[in-house]
Amino acid sequence: MGITLSGDQYGKAENRVVRIYRDTPRHEIRDLNVGTALRGAFTEAYTVGDQGAVLPTDTQKQTCYAFAKEKGIATIEQYGLDLATHFVDTVDPVSGARIEIEEYAWQRVLVDGTEHDHTWVRRGQETRTADIIVDDSDGTRRTWVIGGFSDLVILKSTGSEFHGFPTDKYTILEPTTDRVMATSLVAKWRFSTVYVDWDAVYDDVKTIMVAQFATLQSKALQQTLFAMGSAVLEAHPEIVEVRLSAPNKHHFVYDLSPFGLDNPNEVFHADDRPYGLIQAAVSRDDAPDAGPAWIPQRTWLT
Ligand SMILES: O=c1[nH]c(=O)c2[nH]c(=O)[nH]c2[nH]1
(Lines give C-alpha, C1' and ligand atoms only; values in the text may rest on other atoms or scores of the structure.)
Protein backbone atom coordinates (compact mmCIF):
# COMPACT_ATOMS: atom_id res chain seq x y z
CA MET A 1 0.00 0.00 0.00
CA GLY A 2 1.38 3.41 -0.94
CA ILE A 3 1.04 6.07 1.72
CA THR A 4 1.57 9.74 0.89
CA LEU A 5 2.22 12.72 3.13
CA SER A 6 0.81 15.97 1.77
CA GLY A 7 -0.45 19.37 2.82
CA ASP A 8 1.86 19.40 5.82
CA GLN A 9 2.62 22.68 7.50
CA TYR A 10 3.59 23.52 11.05
CA GLY A 11 3.94 26.64 13.11
CA LYS A 12 2.99 28.50 16.27
CA ALA A 13 -0.62 29.57 16.51
CA GLU A 14 -1.93 32.52 18.50
CA ASN A 15 1.22 34.30 19.61
CA ARG A 16 -0.12 37.18 21.66
CA VAL A 17 2.29 39.97 20.79
CA VAL A 18 1.78 43.34 22.44
CA ARG A 19 4.10 46.14 21.37
CA ILE A 20 4.21 49.43 23.26
CA TYR A 21 5.91 52.40 21.63
CA ARG A 22 7.15 54.51 24.53
CA ASP A 23 9.73 56.85 22.99
CA THR A 24 7.62 59.86 23.98
CA PRO A 25 5.33 60.43 26.97
CA ARG A 26 2.41 59.61 24.67
CA HIS A 27 2.66 55.85 24.24
CA GLU A 28 1.23 53.81 21.36
CA ILE A 29 -0.02 50.22 21.55
CA ARG A 30 -0.30 47.39 19.02
CA ASP A 31 -2.01 44.27 20.32
CA LEU A 32 -1.82 41.23 18.07
CA ASN A 33 -2.60 37.56 17.83
CA VAL A 34 -0.11 36.09 15.34
CA GLY A 35 -0.01 32.65 13.75
CA THR A 36 2.93 31.27 11.78
CA ALA A 37 2.88 28.23 9.50
CA LEU A 38 5.84 26.95 7.50
CA ARG A 39 5.88 24.64 4.51
CA GLY A 40 8.82 23.02 2.81
CA ALA A 41 11.09 20.00 2.92
CA PHE A 42 9.88 18.57 6.22
CA THR A 43 8.89 15.07 5.17
CA GLU A 44 11.45 13.27 7.37
CA ALA A 45 10.07 14.96 10.48
CA TYR A 46 6.78 13.19 9.83
CA THR A 47 7.95 9.89 8.40
CA VAL A 48 10.96 9.07 10.59
CA GLY A 49 10.98 11.76 13.27
CA ASP A 50 14.13 13.52 12.00
CA GLN A 51 14.21 17.11 13.32
CA GLY A 52 17.23 18.09 11.19
CA ALA A 53 15.18 20.50 9.10
CA VAL A 54 12.59 21.59 11.65
CA LEU A 55 12.90 25.19 12.81
CA PRO A 56 11.14 24.82 16.16
CA THR A 57 7.74 26.38 16.55
CA ASP A 58 9.28 28.00 19.62
CA THR A 59 11.81 29.77 17.40
CA GLN A 60 8.96 30.94 15.17
CA LYS A 61 7.30 32.37 18.26
CA GLN A 62 10.51 34.09 19.41
CA THR A 63 10.89 35.61 15.94
CA CYS A 64 7.43 37.15 16.20
CA TYR A 65 8.42 38.90 19.44
CA ALA A 66 11.89 39.89 18.24
CA PHE A 67 10.48 41.39 15.03
CA ALA A 68 8.01 43.45 17.08
CA LYS A 69 11.11 45.26 18.36
CA GLU A 70 13.55 44.97 15.44
CA LYS A 71 11.15 45.75 12.61
CA GLY A 72 8.32 47.28 14.59
CA ILE A 73 4.65 46.96 13.81
CA ALA A 74 3.71 49.82 11.53
CA THR A 75 0.78 47.84 10.15
CA ILE A 76 -0.12 44.19 10.55
CA GLU A 77 0.20 43.71 6.80
CA GLN A 78 3.82 44.98 6.77
CA TYR A 79 4.76 43.08 9.94
CA GLY A 80 3.32 39.90 8.38
CA LEU A 81 5.27 40.49 5.18
CA ASP A 82 8.47 40.96 7.21
CA LEU A 83 7.91 37.69 9.05
CA ALA A 84 6.88 35.61 6.04
CA THR A 85 9.76 36.90 3.92
CA HIS A 86 12.23 36.24 6.74
CA PHE A 87 11.20 32.60 7.13
CA VAL A 88 11.27 31.89 3.39
CA ASP A 89 14.52 33.77 2.76
CA THR A 90 16.60 32.70 5.75
CA VAL A 91 15.42 29.25 6.84
CA ASP A 92 16.75 26.73 4.37
CA PRO A 93 14.04 24.07 4.06
CA VAL A 94 11.22 26.62 4.14
CA SER A 95 9.60 27.24 0.76
CA GLY A 96 6.40 28.81 1.99
CA ALA A 97 5.24 30.78 5.01
CA ARG A 98 1.82 31.81 6.09
CA ILE A 99 1.30 34.51 8.72
CA GLU A 100 -2.17 35.11 10.12
CA ILE A 101 -2.74 38.15 12.31
CA GLU A 102 -5.63 39.58 14.27
CA GLU A 103 -5.29 43.03 15.77
CA TYR A 104 -7.25 44.10 18.82
CA ALA A 105 -7.96 47.82 18.86
CA TRP A 106 -7.56 50.04 21.88
CA GLN A 107 -8.92 53.51 22.40
CA ARG A 108 -7.39 56.12 24.69
CA VAL A 109 -9.40 56.89 27.80
CA LEU A 110 -10.42 60.47 28.43
CA VAL A 111 -9.35 62.00 31.77
CA ASP A 112 -10.88 65.41 32.44
CA GLY A 113 -11.80 65.54 28.75
CA THR A 114 -8.20 64.92 27.60
CA GLU A 115 -6.85 61.77 25.91
CA HIS A 116 -4.62 59.92 28.33
CA ASP A 117 -1.03 59.16 27.31
CA HIS A 118 -0.81 55.56 28.43
CA THR A 119 -4.24 54.18 29.32
CA TRP A 120 -6.72 52.68 26.89
CA VAL A 121 -9.97 50.74 26.89
CA ARG A 122 -10.51 47.93 24.45
CA ARG A 123 -12.39 49.22 21.45
CA GLY A 124 -15.50 47.16 21.00
CA GLN A 125 -15.80 47.22 17.23
CA GLU A 126 -14.35 44.87 14.64
CA THR A 127 -11.07 42.97 14.79
CA ARG A 128 -8.69 43.82 11.95
CA THR A 129 -7.04 40.83 10.29
CA ALA A 130 -4.25 40.14 7.83
CA ASP A 131 -3.11 36.94 6.11
CA ILE A 132 0.28 37.01 4.43
CA ILE A 133 1.57 34.15 2.35
CA VAL A 134 4.99 33.96 0.71
CA ASP A 135 5.65 30.95 -1.51
CA ASP A 136 8.84 29.90 -3.28
CA SER A 137 7.97 26.25 -3.74
CA ASP A 138 8.22 26.23 -7.54
CA GLY A 139 11.22 28.55 -7.62
CA THR A 140 9.14 31.65 -8.38
CA ARG A 141 8.46 34.04 -5.53
CA ARG A 142 4.76 34.67 -5.05
CA THR A 143 3.26 36.82 -2.32
CA TRP A 144 -0.36 37.22 -1.31
CA VAL A 145 -1.75 39.73 1.17
CA ILE A 146 -5.32 39.53 2.39
CA GLY A 147 -6.66 42.33 4.55
CA GLY A 148 -9.85 42.02 6.49
CA PHE A 149 -11.87 42.26 9.65
CA SER A 150 -14.08 40.00 11.71
CA ASP A 151 -17.05 40.64 13.93
CA LEU A 152 -18.20 44.00 12.64
CA VAL A 153 -21.63 43.99 14.27
CA ILE A 154 -23.95 46.19 12.24
CA LEU A 155 -27.73 46.68 12.25
CA LYS A 156 -30.25 48.72 10.28
CA SER A 157 -33.78 49.19 11.57
CA THR A 158 -35.38 49.60 8.13
CA GLY A 159 -34.39 49.54 4.46
CA SER A 160 -34.39 45.74 4.31
CA GLU A 161 -36.91 43.44 2.61
CA PHE A 162 -37.26 39.72 2.02
CA HIS A 163 -40.04 38.47 -0.23
CA GLY A 164 -40.64 36.68 -3.49
CA PHE A 165 -39.08 33.45 -2.23
CA PRO A 166 -40.46 30.02 -3.14
CA THR A 167 -42.75 28.36 -0.64
CA ASP A 168 -43.58 24.75 0.06
CA LYS A 169 -45.56 22.92 2.72
CA TYR A 170 -42.84 23.66 5.30
CA THR A 171 -42.71 27.41 4.69
CA ILE A 172 -44.13 29.56 7.44
CA LEU A 173 -41.90 32.63 6.97
CA GLU A 174 -43.99 35.68 6.05
CA PRO A 175 -42.67 37.91 3.28
CA THR A 176 -41.68 41.35 4.48
CA THR A 177 -40.94 44.74 2.93
CA ASP A 178 -39.61 46.22 6.15
CA ARG A 179 -37.46 44.34 8.61
CA VAL A 180 -34.42 44.73 10.81
CA MET A 181 -31.22 43.56 9.15
CA ALA A 182 -28.26 42.76 11.38
CA THR A 183 -25.07 40.81 11.06
CA SER A 184 -21.64 40.26 12.51
CA LEU A 185 -19.66 40.64 9.35
CA VAL A 186 -16.43 38.85 8.48
CA ALA A 187 -14.75 40.34 5.42
CA LYS A 188 -11.46 39.65 3.70
CA TRP A 189 -10.03 41.31 0.64
CA ARG A 190 -7.15 40.10 -1.50
CA PHE A 191 -4.58 42.51 -2.88
CA SER A 192 -2.74 42.14 -6.17
CA THR A 193 0.24 44.16 -4.92
CA VAL A 194 2.20 44.84 -1.73
CA TYR A 195 2.69 48.52 -2.54
CA VAL A 196 -0.31 49.68 -0.55
CA ASP A 197 -1.05 52.29 2.10
CA TRP A 198 -2.44 49.56 4.36
CA ASP A 199 -4.08 51.78 6.97
CA ALA A 200 -5.72 54.11 4.45
CA VAL A 201 -7.10 51.24 2.38
CA TYR A 202 -8.37 49.47 5.49
CA ASP A 203 -10.27 52.55 6.63
CA ASP A 204 -11.72 53.14 3.19
CA VAL A 205 -12.82 49.55 2.63
CA LYS A 206 -14.62 49.53 5.95
CA THR A 207 -16.25 52.88 5.19
CA ILE A 208 -17.43 51.63 1.80
CA MET A 209 -18.90 48.43 3.21
CA VAL A 210 -20.68 50.20 6.04
CA ALA A 211 -22.10 52.80 3.64
CA GLN A 212 -23.40 50.10 1.29
CA PHE A 213 -25.03 48.25 4.15
CA ALA A 214 -26.69 51.45 5.34
CA THR A 215 -27.88 52.90 2.05
CA LEU A 216 -28.84 49.96 -0.16
CA GLN A 217 -32.58 49.24 -0.08
CA SER A 218 -31.84 45.57 0.42
CA LYS A 219 -33.92 42.75 -1.05
CA ALA A 220 -31.80 40.20 0.84
CA LEU A 221 -28.53 39.93 2.71
CA GLN A 222 -27.19 38.23 -0.42
CA GLN A 223 -27.76 41.42 -2.42
CA THR A 224 -26.16 43.53 0.30
CA LEU A 225 -23.02 41.36 0.32
CA PHE A 226 -22.63 41.56 -3.44
CA ALA A 227 -23.09 45.33 -3.35
CA MET A 228 -20.47 45.65 -0.62
CA GLY A 229 -17.93 43.55 -2.47
CA SER A 230 -18.57 45.23 -5.82
CA ALA A 231 -18.28 48.73 -4.36
CA VAL A 232 -14.91 47.86 -2.86
CA LEU A 233 -13.64 46.44 -6.18
CA GLU A 234 -14.88 49.52 -8.04
CA ALA A 235 -13.10 51.91 -5.68
CA HIS A 236 -9.85 49.97 -5.21
CA PRO A 237 -8.00 48.70 -8.29
CA GLU A 238 -5.37 47.11 -6.04
CA ILE A 239 -8.01 44.75 -4.58
CA VAL A 240 -9.01 41.81 -6.78
CA GLU A 241 -11.31 39.73 -4.62
CA VAL A 242 -13.54 40.26 -1.60
CA ARG A 243 -14.92 37.43 0.51
CA LEU A 244 -17.76 37.99 2.92
CA SER A 245 -19.42 35.85 5.55
CA ALA A 246 -22.49 37.22 7.25
CA PRO A 247 -24.68 35.56 9.86
CA ASN A 248 -28.21 36.84 9.48
CA LYS A 249 -28.92 37.91 13.05
CA HIS A 250 -32.66 37.50 12.94
CA HIS A 251 -34.85 40.03 14.74
CA PHE A 252 -38.39 38.70 14.93
CA VAL A 253 -41.27 41.07 15.59
CA TYR A 254 -42.57 40.10 19.01
CA ASP A 255 -46.20 39.13 19.26
CA LEU A 256 -47.74 41.64 21.66
CA SER A 257 -51.35 40.83 20.66
CA PRO A 258 -51.97 38.79 23.85
CA PHE A 259 -51.61 42.11 25.67
CA GLY A 260 -53.86 43.99 23.27
CA LEU A 261 -50.86 45.92 21.93
CA ASP A 262 -50.02 46.48 18.30
CA ASN A 263 -46.37 46.15 17.26
CA PRO A 264 -45.51 47.94 14.02
CA ASN A 265 -41.82 46.90 13.93
CA GLU A 266 -41.04 48.34 17.36
CA VAL A 267 -40.36 45.40 19.69
CA PHE A 268 -38.27 42.44 18.50
CA HIS A 269 -36.92 39.18 19.79
CA ALA A 270 -33.23 39.06 18.85
CA ASP A 271 -32.72 35.36 18.22
CA ASP A 272 -29.10 34.23 18.55
CA ARG A 273 -29.53 30.85 16.90
CA PRO A 274 -30.13 29.35 14.51
CA TYR A 275 -29.01 32.01 12.10
CA GLY A 276 -28.89 32.20 8.34
CA LEU A 277 -25.29 32.19 7.15
CA ILE A 278 -24.82 34.05 3.89
CA GLN A 279 -21.40 33.90 2.22
CA ALA A 280 -19.96 35.10 -1.04
CA ALA A 281 -16.79 35.86 -2.92
CA VAL A 282 -16.83 38.79 -5.34
CA SER A 283 -13.87 39.04 -7.68
CA ARG A 284 -12.59 40.74 -10.78
CA ASP A 285 -12.81 38.64 -13.94
CA ASP A 286 -9.05 39.12 -14.42
CA ALA A 287 -8.06 38.47 -10.80
CA PRO A 288 -4.71 36.69 -10.58
CA ASP A 289 -4.64 33.17 -9.16
CA ALA A 290 -5.28 33.00 -5.41
CA GLY A 291 -3.02 29.96 -5.00
CA PRO A 292 -3.04 28.82 -1.36
CA ALA A 293 -4.09 32.24 -0.10
CA TRP A 294 -7.53 31.30 1.17
CA ILE A 295 -6.65 28.16 3.12
CA PRO A 296 -6.47 29.25 6.75
CA GLN A 297 -4.14 27.61 9.23
CA ARG A 298 -6.46 26.97 12.12
CA THR A 299 -9.32 25.61 10.04
CA TRP A 300 -7.04 23.57 7.81
CA LEU A 301 -9.21 20.48 8.10
CA THR A 302 -12.46 22.16 7.13
O1 LIG B 1 -31.57 38.04 3.58
C2 LIG B 1 -32.04 36.90 3.71
N3 LIG B 1 -31.60 35.89 2.91
C4 LIG B 1 -32.07 34.62 3.01
O5 LIG B 1 -31.65 33.71 2.25
C6 LIG B 1 -33.06 34.37 3.97
N7 LIG B 1 -33.74 33.23 4.34
C8 LIG B 1 -34.55 33.59 5.36
O9 LIG B 1 -35.34 32.79 5.97
N10 LIG B 1 -34.44 34.91 5.63
C11 LIG B 1 -33.51 35.41 4.78
N12 LIG B 1 -32.98 36.66 4.64
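The values are calculated or read from the model by the stated rules, or taken from the named source; none is laboratory data. These figures come from a predicted structure and were not determined experimentally. Reconstructed Cβ throughout: ideal geometry from the backbone, glycine too, with neighbour counts over all protein chains shown. Keep in mind that these areas ignore ligands, DNA and RNA; they rest on the heavy atoms of the full protein, side chains included. Shrake-Rupley method; radii C 1.70, N 1.55, O 1.52, S 1.80 Å.
Subtract the Cα-Cα distance of VAL109 and THR127 from 0.36 nm times their separation in residues, and report this length gain in nm to one decimal. If you can, show how the numbers build up before the last one.
Values: separation 18, 0.36 × 18 = 6.48 nm, distance 1.91 nm.
Here the segment from VAL109 to THR127 would lengthen by 4.6 nm.
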Query - With at most 16 other Cβ atoms within 10 Å, longest stretch of the chain clear of loop trypsin sites (Lys or Arg not before Pro) (DSSP) - result: 220-283
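Could you please report the charge total around SER160, scoring K, R as +1 and D, E as -1 over all other residues with beta-carbon less than 13 angstrom from its beta-carbon?
On the way: positive: LYS156, ARG179, LYS219, LYS249; negative: GLU161, ASP178.
Charge balance in the 13 Å sphere: +2.
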Report task. Could you work out the local net charge near LEU173, counting Lys and Arg as +1, Asp and Glu as -1, over the other residues with Cβ closer than 14 Å to its Cβ? Result -> -2
Requested in this report: Between ALA53 and THR24, with labels modelled 7 Å along Cα→Cβ, what's the label distance in nm to one decimal, could you check?
Outcome: 4.9 nm
Report task. Give me the net charge of ASN263's neighbourhood, meaning all other residues with Cβ under 14 Å from the Cβ of ASN263; Lys, Arg count +1, Asp, Glu -1. Result -> -4
Query raised in the report: Which residues does a label at LYS219 reach in the stretch 176-206, if reach means a backbone N under 17 Å from a point 7 Å past the Cα toward the Cβ?
Result: 176-179
Report task. Mind grabbing the base-10 log of I(q)/I(0) for the stretch 70-225 at q = 0.13, 0.15, 0.20 Å⁻¹? Debye formula, identical points on the C-alpha positions, no solvent, two decimal places. Result -> -0.80, -0.92, -1.21
Query raised in the report: Once the Cα atoms of helix 221-235 and of the chain are each reduced to a long axis, what angle between those two axes, in degrees from 0 to 90 to the nearest 10, is obtained?
Result: 50 degrees
Query raised in the report: From the phi of every residue in the stretch 163-175, what ³J(HN,Hα) in whole Hz does the Karplus formula 6.51 cos²θ - 1.76 cosθ + 1.60 yield, where θ is phi - 60° and glycine or proline is x?
Result: 7, x, 7, x, 10, 9, 5, 9, 7, 10, 4, 7, x
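Per DSSP H run of at least 4 residues, take -39500 (n - 2.57); add these up for the chain, divide by its residues and hand me the 222 nm value, nearest 500 deg cm²/dmol.
Values: 5 runs with 67 residues, N = 302.
Estimated from H runs of four or more residues: -7000 deg cm²/dmol.
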**Report entry** Separation in nanometres of the label points that stand 7 Å from Cα toward Cβ, at ASP151 and ASP203
**Finding:** 2.4 nm
Report summary line: Length gained, VAL267-THR193, 0.36 nm per residue minus C-alpha separation, equals 21.9 nm
Query raised in the report: What are the ³J(HN,Hα) values, in whole Hz, obtained from phi via the Karplus relation 6.51 cos²θ - 1.76 cosθ + 1.60 with θ = phi - 60°, for each residue of the stretch 93-108 in sequence order, with x given for Gly and Pro?
Result: x, 7, 10, x, 9, 10, 10, 10, 10, 10, 10, 8, 8, 10, 10, 4
Report summary line: Placing each pseudo-label 7 Å from Cα in the direction of the beta carbon, ALA281 and ARG141 end up separated by a distance in nanometres of 2.6 nm
Query - Pairs of lysine residues in the stretch 149-302 - Cα separation under 24 Å, sequence separation of 8 or more or cross-chain - result: 11
Query raised in the report: What do you reckon, how do MET1, MET181 stack up by accessible area (1.4 Å probe), largest on top?
Result: MET1, MET181
